[in-house]
Each structure stands twice: as C-alpha cells, then as structure tokens.
C-alpha cells in the first residue's frame with residue numbers, strides 16, 4: 001500500500017473514531033446513571049409527567065377541549081369537598097371539580113413552563129457567563145457585578161416584582177422566572193470558562209486563526225455543558241416551585257385554569273373541611289421537585305469524570 005493510500009485511510013478512519021469516542025462518552029454517562037436507582041426513579045417519574053402532559057394536549061386537540069370543558073373545569077356544587085372515593089380517587093375540590101383530572105391537566109403548565117423558563121435562563125446566562133469568563137477585566141466586572149445585584153434579591157421576590165410590574169400572563173411569568181435564574185447560570189458557565197480558556201486546544205484553535213466567537217461557541221461552551229446540564233435540571237425544580245408560588249399569590253396562572261399553585265391557593269380557605277384539596281396538590285409539587293433533585297444529583301455524579309465507578 002502506498003503512502004498516499006495510507007494517509008487517505010487514516011483520514012477516513014479519524015471521523016469514525018471521533019464519533020465512537022463521543023458515543024462512548026455518553027454511554028459511560030448512562031452506565032453510571034443506571035447504577036443510581038434514585039436517579040432512575042426520578043427520571044421515570046419525570047418521563048411519566050411528560051407523557052401525561054403530552055397526552056392531555058393530544059386529548060384537548062383531538063376532542064376540541066370537550067373533555068377539558070366537561071370534566072376538568074366543570075363544577076358540581078352539590079358534591080363539593082367530597083373526599084376520595086372509587087369514582088373520584090382524589091376527591092372533589094371546593095367547587096365540585098375532579099381533582100385527579102385537574103392534577104393531570106396542570107402538569108403541562110408546571111413542567112413545560114418550568115422547562116421553558118430554565119431554557120431561556122440557560123441560553124442568556126450561559127452567553128453572558130461565557131463572555132465574562134473569556135474576555136475578563138472590564139467585561140467580567142461589568143457583567144458579573146450586574147449578576148451580583150440580581151443575586152442580592154431573592155429569586156421569588158424578584159419574579160414577583162417583575163410580574164407585578166409587567167402584568168399577569170403566562171409570558172410575563174416565564175420572563176420573570178427566567179430573569180430570576182439568569183445569574184445562577186451565568187456564574188456556573190463563567191467558572192467553567194475560566195478553567196477551560198487556557199487549555200492547550202484553545203490555544204491551538206487561536207493559533208490557527210479561529211475568532212473569539214468561534215472559540216466560545218464551538219470549543220468552550222460545548223465543553224462546559226456538564227455542569228450546565230446539572231444546574232438546569234436542578235433549576236427546573238426551582239422554576240416549578242416559583243411558578244406554583246406565583247400562582248399561589250395570584251400572580252401566576254389564573255383560575256379556572258388548573259395549576260398546582262393556584263389549586264393550593266383556592267383550597268387554603270377550606271383546609272379544615274377537606275384535607276385532600278390541599279394535601280394532593282402539595283404532594284404533586286413535592287414529588288416533582290424531589291424527582292428533579294435526585295435526577296440532578298445523579299447526573300452530577302454521572303458527569304463527574306473524577307468518579308470512576
């Protein structure tokens with residue numbers, strides 16, 4: 001075989017080796033995650049919620065919201081505050097509405113809105129943190145001092161102030177929660193960038209003529225994804241709790257739209273008359289937060305290269 005043929009064969013094999021190495025990396029992460037039974041249980045719970053959310057959307061779309069209007073928000077005052085039974089496993093609320101169906105229909109708002117808010121925070125905070133860590137000096141001081149100001153305000157208080165200023169709507173709730181969580185992601189990505197930007201492959205890319213934006217978005221941010229994924233998973237839990245808190249205060253999703261926080265808010269006046277109308281929505285919030293937290297902890301352990309398990 002000639003030297004030219006050997007070089008060609010080597011070039012053809014190189015991409016395949018890179019793809020195999022990338023697959024092996026995520027395969028190793030999955031192998032580690034599978035050993036954590038609590039993380040797998042949290043993942044299964046979240047996937048179940050996701051299926052429920054998608055299922056309710058499909059039902060509404062296929063049935064033109066007849067199920068929603070006839071069963072989810074329909075009131076039956078004669079049976080109000082009825083406890084759990086075979087016909088109504090979760091009982092009925094203060095207006096005689098089926099709590100089980102309302103819990104299922106509320107999943108889409110808590111899960112999807114929490115995820116959407118964290119995605120917005122991750123994108124904006126990640127870019128700001130990457131710019132601050134990469135350029136340093138004036139950019140770092142300017143961006144991070146502004147992040148410090150936002151961090152000085154409790155996230156729930158900041159979200160409440162933003163919603164109160166902008167008005168009550170789904171979009172404003174998303175904006176408020178995403179702004180409240182931007183500093184957390186900015187600090188996370190900045191810490192990773194400070195470690196990565198002086199690595200040899202970054203210097204090699206710069207020596208080959210790569211621009212700053214190319215280095216940041218192609219080399220630095222992809223190699224900072226591990227802590228960002230963990231922080232995003234934990235952030236979704238906090239965002240769901242914030243959405244429930246805003247709805248509880250009357251600044252989030254408005255009745256009769258079912259949402260766990262608004263269900264708790266409406267039920268607090270009847271807690272002595274029916275334990276189930278407060279306990280069940282509260283358990284829904286608690287179990288979802290717990291599942292996301294144990295999943296985040298499992299991902300942190302699986303993505304940590306220092307752990308050889």
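The values are calculated or read from the model by the stated rules, or taken from the named source; none is laboratory data. Just so we're clear, the structure is a prediction, and the values are computed from it rather than from any experiment. No Cβ is skipped: glycine too gets one built from the backbone with ideal geometry, and neighbour counts run over all protein chains shown.
Structure notes:
- Flag: residue 79 does not match the condition of being in contact with a strand residue (DSSP E or B) (Cβ under 9 Å, 6 or more places away or on another chain) and surrounded by 18 or more Cβ atoms within 10 Å (Cβ to Cβ).
- When residue 185 is tested against (1) surrounded by fewer than 19 Cβ atoms within 10 Å (Cβ to Cβ); (2) touching a helix residue (DSSP H, G or I) at 6+ places or on another chain (Cβ under 6 Å); (3) farther than 20 Å from residue 249 by Cα, only condition (1) is not met.
Here is a yes/no grid of residues against (1) surrounded by fewer than 20 Cβ atoms within 10 Å (Cβ to Cβ); (2) modelled with pLDDT under 90; (3) under 16 Å from the mean Cα position of the chain (by Cα):
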{"position": "201", "(1), (2), (3)": "yes, yes, no"}
{"position": "210", "(1), (2), (3)": "yes, yes, no"}
{"position": "222", "(1), (2), (3)": "yes, yes, no"}
{"position": "236", "(1), (2), (3)": "no, no, yes"}
{"position": "258", "(1), (2), (3)": "no, yes, no"}
{"position": "264", "(1), (2), (3)": "no, yes, no"}
{"position": "280", "(1), (2), (3)": "no, no, no"}
{"position": "293", "(1), (2), (3)": "yes, no, yes"}
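- Restricting 127, 143 to those that are under 21 Å from the mean Cα position of the chain (by Cα), part of a helix (DSSP H, G or I) and more than 30 Å from residue 52 (Cα to Cα) reduces the list to 127.
- One residue stands out in segment 47-66 among those that are crowded, with 16+ Cβ neighbours inside 10 Å and either touching a residue at least 24 places away in the same chain (Cβ under 8 Å) or in a loop (DSSP other than H, G, I, E, B) (or both): the one that is nearest to the chain's Cα centre (by Cα), namely 49.
- Of the residues 132, 116, 159, the single one that is over 17 Å from residue 261 (Cα atoms), crowded, with 16+ Cβ neighbours inside 10 Å and within 20 Å of the chain's Cα centre (by Cα) is 116.
- Condition met for residue 154 (surrounded by fewer than 17 Cβ atoms within 10 Å (Cβ to Cβ) and within 15 Å of residue 238 (Cα to Cα)): yes
- Looking across segment 238-256 at every residue that is part of a helix (DSSP H, G or I) and touching a residue at least 60 places away in the same chain (Cβ under 8 Å), the one that is surrounded by the most Cβ atoms within 10 Å (Cβ to Cβ) is identified as 239.
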